[in-house]
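Enquirer: Sharing a structure here in C-alpha cells format.
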Amino acid sequence: MKLKKLSLEQKNRYYGLYFILPWFIGFLFLFMVPLISSFRYSLSNLQVSNEGFTLEFIGLANFREALLSHESYVRMLTESVLNIVVNTPLIIIFSLFFAVILNQKFHGRVLARAIFFLPVILASGIIASIENGDLMQSVVRNANDMTGGGLSVLKNLDLTIMLLESGMSPILVEYLTGAVSRIYEIVSQSGVQILIFLAGLQSISPSLYEAAKIEGSTGYEAFWKITFPMLSPLILTNLVYTIVDSFISDQTSRLVVDTAFKSFNFGLSAAMSWIYFAVIALILWVTTALVSRKVFYQN
Amino acid sequence: MKTGTASGQRTAKKVGLERLTSTAYWFEFIKKWLWILVRFVLIFGISFVILYPILLKISISFKSMSDLYDPTVIWIPREFTLDNFKLVFTAMNYPSVLMNTLWLSTAVMLLQTITCVLAGYGFARIRFRGSGLLFAAVIFTILVPSQTIMIPLYLNFKNFDVLGLIELFRGSPANLINTYWPFLISALLGMGVKTGLYVYIFRQFFRGIPREIEEAAYVDGAGYFKTFGRIILPNAIPSMVTVMLFSFVWQWNDSFFTNMYLNEPKVMSSMMSSSGYTIATYLTGGGQAAESYTQDPFFMSMMMNTSVLMAILPLLINYLFVQRHFVESVERSGLVG
C-alpha cells in the first residue's frame, strides 16, 4: 500500500505546528497548570515546608476573608478600579492627540518623538512608586511653587473658577483640572499607546486625504471622517492595553504580593488575585462590548 | 514673447497684491501660524513634564549635604560633588549589578525574540481547526494578571522538576529560586514579561506579508525552514528591533518577577527598590560613617535619587543610540493590525 502523500498545504500546517511548539509547551506548563493550581490554592489552606507544600481544602473561606474581613483589600480594590475608570479615557485621548501632532511635519520632530517615547523606556512601577514617596522631589517642587517657577503653571485655581463661572458642570471641571495635575502620571503611562497610534497613522493611505482635500474638506472634517474611523480598531487595542497595563503596578497587586511573600498567606493571596482578575475581566468585557460596536473595519 | 512674460509678471504681481489685501488669505495665514505656535507650546510643555523628573534627579545627585540644607539652592548646586555617585557605586556594588542585569536582560531578550518570532509566524500562517482558539489563548495570557499565577509559579521553580526526572537523578527536586533559570526558562518558552504582546506584534506583522513571496520560494525549491530563514526573517527586522527593545527594557525595569525569583544575584530593579536600606547598612557597617546620616530622610532621599538615576542611566545612553532606529522601525513593525 502506498502512503498517502501530503499536499503542500497540509505539510505546511504541520510545519506551522513546529513553530508554535515552544510557545505551546510554555503555555501549558507555565500558564495553564499554574492557573488551575492557583484556583485550587484559593480554595485551600496552603502550608509551605522545606519538603514542599500541603493543601487543605477549606472551600470559599479565603474569598470570604478577602471580601468581608480583610482590613484594606476592598478599599484598595475600589480605589484601583476608580483609578482605571478615571485615567483610561484621559490616556486614550491624550495619546491620540499627541500621536496626530507627532505625525505632522515640523522642525525638531525627531527630537520630540525621542522625548515622547522616553516613558516607554522609563515607565515601570518601581520608578513611579519611588517618585511618589520621595522627599527631595517634593521639597524641590514646593520651593519651585514658592518662587513661582517651574510647575506652578499647573496651579489652576483661576482656571477652575473661570470654568465654573462659564457654567460647566462641577464634576466635569473637577475631572479636567484633576487631569492637569495628574499630567505626569498620564504622560508616563501613554508611551506605548502613542507608538501604536503613530504606527496606525502611518498606515493610512495618503490618497484618502488627497481625495478629501479635492472635495474641499477641512482638516477638522478630515480628522473625524478619515483619521478617527481608520484608527478606531487601534482605540480598542489601546483601551485593552491601557486597562491591562494599569494592573501591573497598582496598589492592589502590591497587596496581593505582600500577602503571599510577607504574611505567607498563600491561599488568601490567591483568592485576592482571583477576585481582582474577575473585576478586570468584567471591566474589559464591558468596555470592549461598548466600543467594538462603534469600531470601523475596512473589510 | 518677451512682452508676453512681462504682462504675465504684471498680472502675477496684481494677483499677489490682491491676495495680500484679501481677508481670507490673512485668515489662513494667522490660522497656520497660530497652530504652529500652539503645537510648539504643547510639545514643549509635555517634553518638559517628561524630562522634569530626570533633570531633577541629575540636579539632586550632584548636590552635597550643605546644599541640601541651603534654602537658596533649588536647581543648581553650589558645590558640585561626585560623592553621591561614589557612595552608591561602592555600596551597591554597581559594576557587578550592572553586569548581572546586562547579562540577564540580553539573554532574555534573545530567547524571547526567537520564541515569539517563531510563534508569531506559526499563528499567522497555519490554518486548522482550533487555530483560532490557540490564538485566543495568546490573548488570554496577556489579559490574566501575573499575580494570579504568581504563587504556583514560585512553588514550581522552588521545587523544579521535569516529569520526575530531576528527582530520579538527584534525589530531590531542584531549587531554582535565586538563580537565573526561572527567567531563562520562561523566556525560552514564551511566558516571560509581556510575551503575549510580542507574539501578537509578530503575528500582525507576518499577516501583512503576502503569501506569494513564500510560494515563489517553494517553487524555487526552498524548503519550509529555509524559506523562513532566508526570505521571511530578513523582512521582519523592523518588528524584531521593536520587540527586542521592548523586551530588553521591560526585563531591565521589571520588579515583579525579579523580586519574586531573585534575592541574591542583585539586578538593577531590586537595587532601586532597596537602595536606601542597603546604603544605610553599608554606612553603619563601615564604622565611623556618621550615624546621623542614615537617620536623615533628606540624605536617604538623595541616595535614592542617585541610585535610580544610575540604574536607568545605561538605558538612557542605550536609547540615545537606538531611538532613531526604534521610531522608524515601529512604523513598519506590524504593531498595527
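Enquirer: Looking only at the range B:217-236, count every residue that is among the hydrophobic types (A, V, I, L, M, F, W, C) and part of a loop (DSSP other than H, G, I, E, B) and tell me the total.
Expert: Filtering the range B:217-236 for residues among the hydrophobic types (A, V, I, L, M, F, W, C) gives B:217, B:219, B:222, B:225, B:228, B:231-233, B:236.
Applying the additional criterion that residues be part of a loop (DSSP other than H, G, I, E, B) yields B:222, B:236.
Summing the residues that are among the hydrophobic types (A, V, I, L, M, F, W, C) and part of a loop (DSSP other than H, G, I, E, B) in the range B:217-236 gives 2.
Enquirer: Being assigned to a helix (DSSP H, G or I) and farther than 30 Å from A:T237 by Cβ: is that true of B:V97 here? I'd like the intermediate steps shown before the answer.
Expert: Numbers: assigned to a helix (DSSP H, G or I): yes; farther than 30 Å from A:T237 by Cβ: yes.
Yes; evaluated as a whole, the condition is true for this residue.
Enquirer: When you go through B:A107, B:A91 one by one, which is the residue that is small (G, A, S), away from chain A (no Cβ under 13 Å) and crowded, with 19+ Cβ neighbours inside 10 Å?
Expert: The match here is B:A91.
Enquirer: Looking at (1) within 25 Å of A:S80 (Cβ to Cβ); (2) crowded, with 18+ Cβ neighbours inside 10 Å; (3) touching a Ser or Thr at 6+ places or on another chain (Cβ under 8 Å), which is the only condition A:T237 fails?
Expert: Going through the list (1) within 25 Å of A:S80 (Cβ to Cβ); (2) crowded, with 18+ Cβ neighbours inside 10 Å; (3) touching a Ser or Thr at 6+ places or on another chain (Cβ under 8 Å), A:T237 breaks only (3).
Enquirer: A further question on this structure: Would you call B:E214 surrounded by fewer than 20 Cβ atoms within 10 Å (Cβ to Cβ) and not in a helix (DSSP H, G or I)? Before you say what the answer is, go through the steps one by one.
Expert: Numbers: surrounded by fewer than 20 Cβ atoms within 10 Å (Cβ to Cβ): yes; not in a helix (DSSP H, G or I): no.
Against the criterion (surrounded by fewer than 20 Cβ atoms within 10 Å (Cβ to Cβ) and not in a helix (DSSP H, G or I)), B:E214 does not qualify.
Enquirer: Right, next: Based on what the data block shows, is B:S239 at pLDDT 75 or above, assigned to a helix (DSSP H, G or I), touching a Gly at 6+ places or on another chain (Cβ under 6 Å) and not acidic (D, E)? Walk me through how you get there before you give the answer.
Expert: Numbers: at pLDDT 75 or above: yes; assigned to a helix (DSSP H, G or I): yes; touching a Gly at 6+ places or on another chain (Cβ under 6 Å): yes; not acidic (D, E): yes.
In short, yes.
Enquirer: Give me a count of the residues in the range B:246-256 that are at pLDDT 85 or above and under 19 Å from B:L98 (Cβ atoms). Even if it seems obvious, please write down each step before you answer.
Expert: Looking only at the range B:246-256, we keep the residues that are at pLDDT 85 or above, and these are B:246-252.
Restricting the remaining residues to those that are under 19 Å from B:L98 (Cβ atoms) gives B:247-252.
Residues that pass the stated criteria total 6.
Enquirer: Right, B:F135: crowded, with 20+ Cβ neighbours inside 10 Å, among the aromatic types (F, W, Y) and in contact (Cβ under 8 Å) with a residue 40 or more places away in the chain or not?
Expert: Details: crowded, with 20+ Cβ neighbours inside 10 Å: no; among the aromatic types (F, W, Y): yes; in contact (Cβ under 8 Å) with a residue 40 or more places away in the chain: yes.
No, not satisfied.
Enquirer: Can I ask one more? What are the residue pairs meeting all of these: first residue in the range B:44-63, first residue over 16 Å from A:I121 (Cβ atoms), second residue of a type in the set (S, T, Y), Cβ atoms under 6 Å, and 6 or more apart or on different chains?
Expert: Close Cβ pairs (under 6 Å, with a partner that is of a type in the set (S, T, Y)) amount to B:S61/B:T306.
Enquirer: In addition: Please find, among A:G178, A:G150, the residue that is modelled with pLDDT under 75, within 11 Å of chain B (Cβ to nearest Cβ) and closer than 30 Å to B:F40 by Cβ. Full working, then the answer.
Expert: Values: A:G178 fails: within 11 Å of chain B (Cβ to nearest Cβ).
Of the residues listed, the single one that is modelled with pLDDT under 75, within 11 Å of chain B (Cβ to nearest Cβ) and closer than 30 Å to B:F40 by Cβ is A:G150.
Enquirer: Also: Mind checking whether some residue in the range B:110-124 is under 27 Å from the mean Cα position of the chain (by Cα), surrounded by fewer than 19 Cβ atoms within 10 Å (Cβ to Cβ) and not hydroxyl-bearing (S, T, Y)? Step through it out loud before you land on a result.
Expert: To start, the set of residues in the range B:110-124 that are under 27 Å from the mean Cα position of the chain (by Cα) comprises B:110-124.
Now drop any that are not surrounded by fewer than 19 Cβ atoms within 10 Å (Cβ to Cβ), which leaves B:110, B:114.
After this cut, where a residue has to be not hydroxyl-bearing (S, T, Y) as well, the list is B:110, B:114.
Yes, the range B:110-124 contains at least one residue that is under 27 Å from the mean Cα position of the chain (by Cα), surrounded by fewer than 19 Cβ atoms within 10 Å (Cβ to Cβ) and not hydroxyl-bearing (S, T, Y).
Enquirer: In the set A:D145, A:D158, which member is modelled with pLDDT under 60, acidic (D, E) and surrounded by fewer than 19 Cβ atoms within 10 Å (Cβ to Cβ)?
Expert: On the way: A:D158 fails: modelled with pLDDT under 60.
The match here is A:D145.
Enquirer: For the range A:75-98, does any single residue satisfy the condition of being touching a strand residue (DSSP E or B) at 6+ places or on another chain (Cβ under 9 Å), part of a helix (DSSP H, G or I) and modelled with pLDDT of 85 or more?
Expert: Within the range A:75-98, the subset touching a strand residue (DSSP E or B) at 6+ places or on another chain (Cβ under 9 Å) is none.
The answer is no, given that none of the residues of the range A:75-98 is touching a strand residue (DSSP E or B) at 6+ places or on another chain (Cβ under 9 Å), part of a helix (DSSP H, G or I) and modelled with pLDDT of 85 or more.
Enquirer: Restricting the search to the range B:242-263, which residues are outside any helix (DSSP H, G or I) and away from every other protein chain (no Cβ under 12 Å)? Even if it seems obvious, please write down each step before you answer.
Expert: From the range B:242-263, those outside any helix (DSSP H, G or I) are B:254-255, B:262-263; that's our starting set.
The answer is B:L262, and nothing else.
Enquirer: Do we have any residue at all in the range B:179-199 that's part of a helix (DSSP H, G or I), more than 10 Å from chain A (Cβ to nearest Cβ) and over 25 Å from the mean Cα position of the chain (by Cα)?
Expert: The answer is no, given that none of the residues of the range B:179-199 is part of a helix (DSSP H, G or I), more than 10 Å from chain A (Cβ to nearest Cβ) and over 25 Å from the mean Cα position of the chain (by Cα).
Enquirer: Give me a count of the residues in the range A:174-208 that are touching a residue at least 12 places away in the same chain (Cβ under 8 Å), part of a helix (DSSP H, G or I) and within 20 Å of A:M230 (Cα to Cα).
Expert: Selection size over the range A:174-208: 11.
For every residue, the table says whether it meets (1) within 24 Å of B:F48 (Cα to Cα); (2) basic (K, R).
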site: A:R75; (1), (2): no, yes
site: A:I84; (1), (2): no, no
site: A:L90; (1), (2): yes, no
site: A:A99; (1), (2): yes, no
site: A:G108; (1), (2): yes, no
site: A:L111; (1), (2): yes, no
site: A:A114; (1), (2): yes, no
site: A:F117; (1), (2): yes, no
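Enquirer: Related question: If A:S217 satisfies all but one of (1) outside any helix (DSSP H, G or I); (2) of a type in the set (S, T, N, Q); (3) under 24 Å from A:R113 (Cβ atoms), what's the number of the condition it fails?
Expert: That leaves (3) as the condition not met.
Enquirer: What number of residues within the range B:135-150 satisfy the criterion of being at the interface with chain A (Cβ under 7 Å from one of its Cβ atoms) and part of a helix (DSSP H, G or I)?
Expert: Residues of the range B:135-150 that are at the interface with chain A (Cβ under 7 Å from one of its Cβ atoms), as a first pass: B:137, B:141-145, B:147-150.
Okay, now just the ones that are also part of a helix (DSSP H, G or I), so B:137, B:141-143, B:150.
Residues in the range B:135-150 being at the interface with chain A (Cβ under 7 Å from one of its Cβ atoms) and part of a helix (DSSP H, G or I): 5 in total.
Enquirer: Which of the residues spanning the range A:268-299 are facing another protein chain (nearest Cβ under 9 Å) and either of a type outside the set (S, T, Y) or over 22 Å from the mean Cα position of the chain (by Cα) (or both)?
Expert: Of the residues in the range A:268-299, the ones facing another protein chain (nearest Cβ under 9 Å) are A:269-270, A:272-274, A:276-277, A:280-281, A:284.
Selection gives A:S269, A:A270, A:M272, A:W274, A:F277, A:I280, A:A281, A:L284.
Enquirer: Still on this model: Out of A:S263, A:S253, A:S217, A:S292, I need the residue that is surrounded by fewer than 17 Cβ atoms within 10 Å (Cβ to Cβ) and within 24 Å of A:V85 (Cα to Cα). Which one? Write out each step before concluding.
Expert: Details: A:S263 fails: within 24 Å of A:V85 (Cα to Cα); A:S253 fails: surrounded by fewer than 17 Cβ atoms within 10 Å (Cβ to Cβ); A:S217 fails: within 24 Å of A:V85 (Cα to Cα).
From the options A:S263, A:S253, A:S217, A:S292, the qualifying one is A:S292.
Enquirer: Give me a count of the residues in the range A:276-299 that are assigned to a helix (DSSP H, G or I) and modelled with pLDDT under 85. Write out each step before concluding.
Expert: Taking the range A:276-299 as the starting set, the residues that turn out to be assigned to a helix (DSSP H, G or I) are A:276-292.
Remaining after also requiring modelled with pLDDT under 85: A:292.
Looking only at that region, the number is 1.
Enquirer: Oh, and also: Within the range A:243-275, restricting attention to residues that are in contact (Cβ under 8 Å) with a residue 40 or more places away in the chain and not in a helix (DSSP H, G or I), which residue is nearest to B:K158 (Cα to Cα)?
Expert: Only one residue fits best here, namely A:F264.
Enquirer: Out of the range A:59-116, which residues are of a type in the set (D, E, K, R) and exposed (fewer than 12 other Cβ atoms within 10 Å of the Cβ)?
Expert: Listed by number, the residues that qualify are A:E71, A:K105.
The values are calculated or read from the model by the stated rules, or taken from the named source; none is laboratory data. Note that this is a predicted model, so its numbers are computed, not measured. For neighbour counting, all protein chains shown are included, and Cβ atoms are generated from backbone atoms with ideal geometry for every residue, glycine included.
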